[in-house]
Structures are given as C-alpha cells and as structure tokens.
Amino acid sequence: MSSNAITVPGVQIDEKPWVDTLHEWVTTVDHKRLGVLYILYALLFLVIAGVEALIIRIQLMFPHNHFVSPEVFNRLFTLHGTTMVFFMGMPILFGFANYLVPLMIGARDMAFPRLNAFSFWLSALGGFLLYFSLVGANGLYGAGNAPDVGWWAYAPLTARAFSPGHSTDYWTLALLVSGFGSIGTAINIIATILCMRCPGMKLNRMPLLAWLNLVMAGMVLIAVSPLTAAQAMLLIDRYLGGHFFDTQAGGSAVLWMHFFWIFGHPEVYILIIPCFAFMSEIIPVFSRKPIFGYPVMVAATLCIGFVSMSVWAHHMFSVGMNSYANSFFTITTMAVGVPTGIKIFNWLGTMWGGRIQFKVPMLFCIAFLFQFLIAGLTGVMLGSAAFASQLTLSYFVVAHFHYTLVGGVVFAVFAAICYWYPKITGRMLNETLGKLHFWLFLIGFHLTFDLMHFPGLLGMPRRIYTYEPGRGWNTLNLLISIGGFIQAIAILLFVANLIISYFKGAKAGNDPWDAWTLEWATSSPPPAYNFASIPVVASRRPLWDLKHPEDPDSRYE
Amino acid sequence: MQALRSTNSFARGPLAVLLSVIWQASAVVGATSPALSPTNIFAPESTPAKSIAHLSVFVLIITGIIFVVVFTLLVYSLIKFRGRAVDAGREPAQVFGSTQIELAWTIIPILIVVVLFLATARVIHAIQDAPQPPSAIEVTAIGHQYWWEFRYPKLGIVTANEMHIPVSDPENPTPTFLTLLSADTDHSFWIPELAGKTDLIPNHPNRMWMDPHRIGIFLGQCAQYCGVQHAKMLLRVSVDSPEDFAAWVRSQQQPAVQDASVETGRRVFESTACINCHAVAGTNANGRFGPDLTHLMSRATIASGAAPNTPEKLRLWIQDPNKIKPGSLMPAMQLSGTDLDAVVSYMETLR
C-alpha cells in the first residue's frame, strides 16, 4: 500500500488520474483489493465458461445437430469444466476468504500480503495460459485449437500419440501455475487465522466462516500437491521420455486416475466448504438467532475434511477395482453424508424458532439448502458402487455435480455477493432486481438440472457431441437447453444489478443487516487499515454484545 | 451357477420382504419402460442389471424418505418461523444448541448408512465375484478409437461392433463372460439393460458378465470419453435363441466368400491401403487396425453403428468417412468412381 497512505474517514481526497488508480490496483497488497480482484476475475470467467456451456447446450438441443463440430465440442467441454473449477470456483471463494477472514478475526491484513498478491497473479496467469492455447497451441495456423482431453484429462488420451501439438501442455501448465497460487493462498489463510486473531478471539470464538476456511485451506495443501505432482509427471512423459502414464510403453492409465481423483474429490469439498461458511454466517443473521450447535458444526467440518480424503475412488467404480475396494469406497463415500447431514440439520435448527427475513441473500440460502439436500441424496446413490456402475459416466453424474456446483456453490456465491456487496462497495444492491434474478435463476436451474438426471437413467453417456434419436432423450435435452438460456438471462440481470447499484444504490451504512460479526463494525467500504483500533472480543458475536449489553453472549460461553 | 442364481432372486436376508414388495411396485415402471427408451437402466433383462435395478429402487426409496422428511421440516420452519411485522424490533429466543438433538441426527444417519452399505456390498459381491460356469460363452472385447472388436477365442470368430450372444435360460444358464481390453485409449462397455458399465483400459484387463433373459437387440454405446468420435462409438448386442446363435457361429467360422464376379473389386481392395487396416479371412488382407470385414454383410450397421449397412452408405463411407463420422480414423481412399463401385460390389459379397 505504498502509494495509498492511510486515509482518515471523512477527509475528502482529490480525484486521482485513472492510470494511478489502475497502478494502485495492479500493485496492491491489500487483502480487500486482492479479494475484489479475485471475485471480478472469477466473475469474468463465470461469464466466459457460461457462454461455452450455452454453445454446448445449443449443440445438444436436437439429435444429430451440426451447430459445432465434434472437435470444437470436445474443446468446449474441456474448457468449460477446467475454467469453472479452477478459474471460477476456486478464485471466487479465495476472494471471499481474502476479503472476509482478516475483517472477521479483527486483523488489519493477511499474514503475508506480498505472498497474497503473488498468489493472485499466479492464478490469473493460469487462466490466461489456458485461454492462450486458443492461439498459442499450434501457432496462428492452428488458431482455435484448445485442450480437448476433458477436465480430468485421463491418460493415455494426454499422451503425445493421442494429443499432438501443445494444447494439452497449456492445460497442464495452466493447472500447474494456478496450483502454486492456490497453495500460496492456502498457506496465507492458515497463517492468518492461526496468528492474526484480535485479542479475546480464541479458536472457539472465531466466526464459523474463519473455521471453515481454515479447514478448506488445509485441504488445499493436501489435495493440490498430488495434482501438481501428476502434472509434472505428465510433462515428463510428454517431453522427457517418461512412461508414468504412457500405456504403450507399459505405463499405467489407472495411476493417473488415482492421482487425479485424490485431488479431484477433496477439490469438490474445497469448493463447497467455503459455501457452508457463507450459509453459517448468513442464515443466523436472517433468522435472528445464533448458529445452532457451533461446536458440532466445527467438528462436522473437520470430519468432512478427513473423510473426504478417503473417498476419491468412487469416481472409479467402472474402472474394474475388486469387490473389496468398491465396498470400501462405498462405505467411506456414504459416511461423508453423515457430517454433511448434520450441517443441514444445524442450519434447520438455526432457522427453527427464529424470525426469518426473506431478503435476497436469505432466499439464495434457502434454495441452497433445498438443492444441496437433493445433491447429497443423489450423491448417496452414486456412492453405492453397484448403482454407480449404471450411473457413473452418464448424464446422471453431470446432473448430480451441477446440482452441487450450481445449486450449491453458485447459489451460495450469489448469497454471499448479495450479503457482503454493501460492505465491499458501500451501496445496497437493488432488492427488486435481486428477487427477479433469484426467481429466474431458480426456474432456469431446476428446468435444466432436475431434468438432466433422466437422460442418464435412460442410458445417455456424458461428453457426447451428438446422440441418436429414438432413445427417449430428445425432448429432455431440448428442455434442458431452454433452462440454460433462462439461467443466462438471470445472470445478465445479476451483472446489471451489480453495475447499476454500484452507481445508484442506496447508501449502505456500516451494518445494514443488523449483523453480529466484526466486519460490520467498521465502515463500508472498510478503510485500508480495517479498524481504527484493534477490537477486543468476549464472545462469538461481538456486535450482539455491543447491541445488547443487558444480555451479552459472553455470559453464556 | 448357484452364486448367479441366488443374486437373481436377491431373496435371502432381512431385507427380502421389503425388497420384494418394492420390486413388485417397480415392475409397473419396468413394464412401461421399453417404450420409453431402449437403453433404460430400470428395464433390466439380465441378472447383473436386475440386481442393480433392485438395489437402485431400494436406495431411491430410502433417499426419497429422507428427502420428504427434511423437505417437510424445511418448508414447515420457513412458514412457521417467518418474520412478521408484529415482531419488528424484537429478537427471538437465542438458542445455542442441544446435545440430545445433535446426537439424534448423528446416530440415525449412521444407521441408514450402514443399511445402504450392506445392501450395496451384497450386490457388488454377487456381481463381481460370480464364478464363471463351464457353460459360459467367452468373448474378448477390444476397444479401438472409435469401434469395437469382438473375439470369441474358443469359437475362432472375429467380428466388430455387433456382438452376438445366446439367450440364457435361468434353469440352464449360458452366461457370457467378457474380457475387456483396449488397443489405444480408455473406453467403457455399457449396455444399460444388460449390465452396469465396465471400462476398457490399456494394460488393465477387466472382466464383466451378462446372462440376457430375453431375445432381441440391445443397444448401448461407449461411456468413457475416448477422443473425437466418442459419441458415435455405438454398441449393438444381438441376443439370439440357442439355434440362431449356433447358426451364426457356423456362418462366422466360414472363410470369406470368393465370388468370381467381383474379382475386380477384390483386386482393387487387395492392392490398395485397405489391407493395411482390414482383414478378410482367406485372403492376403490381414490388417488389425480396423474392423474385420470377412462377414461384413452379416452386420446391420457400419462405422460402429453410425450408419445402416446399405450399399449407398457403404459407398459414401469408403469415399469420404468424414461425411458419416467426422474425425474417424478411416482415411478417405481417393478411389476412382469405377474402383469405388467395384470395391463396394466386392464388400456386398462378404456375407
């Protein structure tokens, strides 16, 4: 923050030239600005990967459609999956962690501000590399080339025999580079939470958001490392004559699957746990009650973190593991359902007996609960190895994980944006546009992803660029595509709301939701130093104590 | 076959009564489903697919009950505890938790998980660890980009894309046991009405089995992304009566027909690159990269199900495969019109 001297609230500063502002944002090490950069960067990729999804859905509207060629289709689903997981999902959640964790634990910045900036720009470079493959993979002559191996890139399809050119290398490098960024951010989150808490904030008084992000960051450290190792091995195979995954020289295709999914399954929990964190902050405020069963919520999160490390091979129930391995991964997968169920019940317990206010953030939270319940139950079906031998690799799986990632993560992210937008910008989002966005997105989501389960049950495999008529898939696919466009319109409304409210929204004030955690104790947007004096807390809800001196939480904890 | 038989009825153990009731109910769904789709996992016609469908209905019912209970609680609390104008400014009772309730909603899900696990483990064991009876038909399925090779080692048959197997009478079973291999990338063998899917992975031989109970054509396709034309790597399984199957085996065991009237076509075929990839038994064409053509005319489709096996489609396929299946590994052969006609006529004699 060298160029941005400490400002005093209320003092008018002269307009700066835009180049100065740009320079400040590019060179910033402020956790709030980096958080916003992460979020904007992720929203950009949400739109890009969303357009890719729409093209995919146009192609699949009718059997034997010729909207795009099979080559282009395969690139599109590879880019869509890779982008949404690595350049939309992770960055937007890291963005919120960056922005909120220091504020909520009463700190002035992350533990390592420069590492924070470095990690963000590494992640940004990763996303750039992935899309640079469109022109760089085979030079300008091959413009339009891009990775086409799927987001999990199974060997030996990635071997040079089957993936000539450089498109697969760009995919590998993009993940390798952004993986380093993720590890840097994870270390930073852990160090911040363990070392930077304000006086009085013991571990058992931290907001659940901080707890859950601590678990998430720990999982990133464990899960991203095998992926990085596997990418290095793949590069060795492709350029240094290695044979780890080269089946034509005795390598193992199954080895790649294990490496990938030992990352890939914890990864979905890395994406969903910060969303659980949003739920755990937003639902209490709009139910006007503290979170139900705080210690149990922490324990359940740790439990999910541990158990989710031993479930990866449920992605491999068709690979031909023996019956004991299949049984083992069945029990571990179903076991994850127990702590996850506990979380859903605790959110219900929080709402029970409360006074629920149906503001836009809460609407997204309620939809999240409903959809995550269904996603969890289809997850149990997929966890049953025998049932999964029919369901896996079919559109049922596609429906299931979009239910978790759209119905879960995207809804939770919308809830978080609507909830913290006033803090970040100082302006309220327009409530009417927000409700319109919510209902339209909800309708589009359910039209698309409820129906998407059924082609899977009727034998439609995933990743096919076209399909045969006469399989009972035609009408379903048409409706699924229409739902996709309804969601796209809702997203446009959302973006419009973000922009309009930034300029025209009502002033938010410090604490528009009458909330209880520390970020609402400072101004909106918070000054660079967050708090004029470091707060001292005596309970999990410091602002409740402040607002209700006659009945503070500290009396009961 | 005792092991196979017991999975068929799925009729031992504490869940038996419940499951049989469920199965009766789902039979209604199953009876209407063939019209719904030829690839419906809830219209099983063989033991592995049936025991999976039984289990699936059981899992669906348990998860359905959980859904109804939690959903009701959610809707009830949203209505009952909605904020009212009367309450404005007053906070509700601040409740922090309850150990008894937490224990209840921990232990009940654990019990449900145990039940679902036991039901699943039983089916996994019954399907995966079923012994191969001596009466079984053995087939080696080899996945290629983007077609299927079927070898019957005991019968000396090599064919492609359309697998013939005999119907299996539960009283006197003749199941088919497949060995699954891959020549290039990963593939997955999936006929939803006959069995769950199993991958074909290079350097990693897999096995699966099926004992179809009904005569007919069963459809499916490659389920593991294998490259550009993954979508048109279709599968057909013809389940024949024992007599039809025996007749099919006899005809497939014959060498290729040598018809003097298509001598020109045969010469063109044997003097171009066709023979680098394709085999015709009894001639000097012995390539293994593409499908074996010895009995091409006994098949209903070409290009792994992408087109019907008619002279016009066959001609188009040889002339420009990309018209039918863009990205397929068969090259356009650049034959002159007369050579093309001659080769197609030759193919037409390979019965």
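The values are calculated or read from the model by the stated rules, or taken from the named source; none is laboratory data. Computed from a prediction, not measured in an experiment: that's the story for all the values here. Ideal geometry is used to build each Cβ from the backbone, glycine not excepted, and the neighbour counts take in all protein chains shown.
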Residues that are of a type in the set (D, E, K, R), away from chain A (no Cβ under 14 Å) and touching a helix residue (DSSP H, G or I) at 6+ places or on another chain (Cβ under 7 Å): does region B:263-284 have at least one?
yes
Looking at region A:472-480, can you tell me whether even one residue there is surrounded by 20 or more Cβ atoms within 10 Å (Cβ to Cβ), under 26 Å from the mean Cα position of the chain (by Cα) and over 29 Å from A:Pro207 (Cα atoms)?
yes
Scanning region A:138-157 for residues that are more than 12 Å from A:Leu79 (Cβ to Cβ) and in contact with a Phe, Trp or Tyr (Cβ under 7 Å, 6 or more places away or on another chain) gives A:Trp152, A:Ala153, A:Tyr154, A:Ala155, A:Pro156
Considering only strands (runs of 3 or more DSSP E) wholly within region B:122-192, the ones with at least 3 residues that are hydroxyl-bearing (Ser, Thr, Tyr) are B:176-182
Every residue from region A:383-417 that is out of contact with any Pro (no Cβ under 7 Å at 6 or more places or on another chain) and polar (S, T, N, Q):
A:Ser384, A:Ser389, A:Thr392, A:Thr404
Regarding A:Leu176, is this residue part of a helix (DSSP H, G or I), surrounded by fewer than 23 Cβ atoms within 10 Å (Cβ to Cβ) and of a type outside the set (Lys, Arg)?
yes
Subset tally (residues that are in contact with a Phe, Trp or Tyr (Cβ under 9 Å, 6 or more places away or on another chain), assigned to a helix (DSSP H, G or I) and buried (at least 24 other Cβ atoms within 10 Å of the Cβ)) for region A:286-296
2
Log entry, pairs with first residue in region A:44-66 being on the phi > 0 side of the Ramachandran plot, second being surrounded by 15 or more Cβ atoms within 10 Å (Cβ to Cβ) and not hydrophobic (A, V, I, L, M, F, W, C), beta carbons closer than 7 Å, six or more apart or on different chains, reads A:His64/A:Thr466
When residues of region A:382-403 are filtered for being facing another protein chain (nearest Cβ under 8 Å) and among the aromatic types (Phe, Trp, Tyr), how many remain?
1
Residue satisfying all of: in region A:129-155; surrounded by 20 or more Cβ atoms within 10 Å (Cβ to Cβ) and not in a loop (DSSP other than H, G, I, E, B); farthest from the other protein chains (Cβ to nearest Cβ) among these
A:Leu129
Looking at A:Asp545 and the list (1) surrounded by 16 or more Cβ atoms within 10 Å (Cβ to Cβ); (2) assigned to a helix (DSSP H, G or I); (3) touching a residue at least 24 places away in the same chain (Cβ under 8 Å); (4) not aliphatic (A, V, I, L, M), which single condition is not satisfied?
(3)
The residue from A:Thr301, A:Thr330 that alone is crowded, with 22+ Cβ neighbours inside 10 Å, among the polar types (S, T, N, Q) and within 9 Å of chain B (Cβ to nearest Cβ) is A:Thr330
Within region A:304-316, restricting to residues that are part of a helix (DSSP H, G or I) and among the aliphatic types (A, V, I, L, M), the one that is surrounded by the most Cβ atoms within 10 Å (Cβ to Cβ) is A:Ile304
Looking at this structure, is A:Ile491 more than 23 Å from the chain's Cα centre (by Cα), β-branched (Val, Ile, Thr) and assigned to a helix (DSSP H, G or I)?
no
Qualifying residues in region A:350-368 (those that are within 7 Å of another protein chain (Cβ to nearest Cβ) and in a helix (DSSP H, G or I)) - the one surrounded by the fewest Cβ atoms within 10 Å (Cβ to Cβ):
A:Ile366
Exactly one of A:Arg33, A:Arg57 is at pLDDT 95 or above, of a type in the set (D, E, K, R) and under 28 Å from A:Thr466 (Cβ atoms), and that residue is A:Arg57
Among residues belonging to region B:224-251 that are out of contact with any His (no Cβ under 9 Å at 6 or more places or on another chain) and assigned to a strand (DSSP E or B), point out the one that is nearest to the other protein chains (Cβ to nearest Cβ).
B:Leu234
Is there a residue being assigned to a helix (DSSP H, G or I) and among the charged types (D, E, K, R) anywhere in region A:461-473?
no
Go through B:Gly97, B:Gly89 for me and flag whichever is at the interface with chain A (Cβ under 7 Å from one of its Cβ atoms) and either exposed (fewer than 14 other Cβ atoms within 10 Å of the Cβ) or not in a helix (DSSP H, G or I) (or both).
B:Gly97
Can you name the residue in region A:317-327 that is crowded, with 19+ Cβ neighbours inside 10 Å and touching a residue at least 12 places away in the same chain (Cβ under 8 Å) and, of all such residues, is farthest from the other protein chains (Cβ to nearest Cβ)?
A:Phe317
Would you mention how many residues in region A:369-381 are at the interface with another protein chain (Cβ under 10 Å from one of its Cβ atoms) and more than 25 Å from B:Ile127 (Cβ to Cβ)?
5
Count, please, the residues in region A:438-451 that happen to be within 15 Å of A:Phe368 (Cβ to Cβ) and either of a type in the set (Val, Ile, Thr) or touching a Phe, Trp or Tyr at 6+ places or on another chain (Cβ under 7 Å) (or both).
2
Contact list, first residue from region B:117-140 and touching a residue at least 24 places away in the same chain (Cβ under 8 Å), second anywhere and among the acidic types (Asp, Glu) and not in a loop (DSSP other than H, G, I, E, B), beta-carbon distance below 9 Å, six or more apart or interchain, is B:Gln132/B:Glu138; B:Thr140/B:Glu149
In region A:282-325, anything touching a Pro at 6+ places or on another chain (Cβ under 7 Å) and polar (S, T, N, Q) is listed as A:Ser308
Just the residues that are of a type outside the set (A, V, I, L, M, F, W, C) and surrounded by fewer than 16 Cβ atoms within 10 Å (Cβ to Cβ), please, taken from region A:53-94.
A:Pro63, A:His64, A:Asn65, A:His66, A:Ser69
With respect to B:Arg267, determine if the residue is on the phi < 0 side of the Ramachandran plot and exposed (fewer than 15 other Cβ atoms within 10 Å of the Cβ).
yes
